[in-house]
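Just below is one structure, and these are the notes that go with it.
The values are calculated or read from the model by the stated rules, or taken from the named source; none is laboratory data. Treat the numbers as computed from the prediction; the structure is a model and nothing was measured. Here the Cβ positions follow ideal geometry from the backbone for every residue, glycine too, while neighbour counts run over all protein chains shown.
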Amino acid sequence: MKRANKEDVINVIEKSAEDLHLKIDIHRHLMTAILEQKLCDGNIKELFLPSCYHKEVSLKEAVKETIDVLEQTRKAFKSKRLETLRKKLTQVLIESN
């Protein structure tokens, strides 16, 4: 079994902290909306999703579209660099979920 090195542990801690910050932001938005009585069926989803989430979704969609284009054109452009780029983007997308 491979032992985690210091850098791996730091990366896990940083990711965990980012997740906690996101959850705190969501909680803050919800509590503010409740206190200001802005809560209704039409906007409840927006309250749970801070603005950084919307940007992340847009970026993920752009990466997915790029991967799809690279996949569709890989036979026309037989390039190792494009193949490497496609694989790297796919890995980044998988790791972000």
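Right, Thr73: within 18 Å of the chain's Cα centre (by Cα), modelled with pLDDT of 85 or more and either among the small types (Gly, Ala, Ser) or surrounded by 11 or more Cβ atoms within 10 Å (Cβ to Cβ) (or both) or not? Break it down into steps so the answer makes sense when it comes.
Numbers: within 18 Å of the chain's Cα centre (by Cα): no; modelled with pLDDT of 85 or more: yes; either among the small types (Gly, Ala, Ser) or surrounded by 11 or more Cβ atoms within 10 Å (Cβ to Cβ) (or both): yes.
Criteria not met by Thr73.
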Query raised in the report: Can you tell me how many residues in the stretch 1-16 are modelled with pLDDT under 85, surrounded by 10 or more Cβ atoms within 10 Å (Cβ to Cβ) and among the hydrophobic types (A, V, I, L, M, F, W, C)?
Result: 1
Report task. Could you list, in sequence order, all residues of the stretch 58-97 that are among the charged types (D, E, K, R) and touching a helix residue (DSSP H, G or I) at 6+ places or on another chain (Cβ under 7 Å)? Result -> Lys60, Lys64, Glu71, Arg74, Arg86
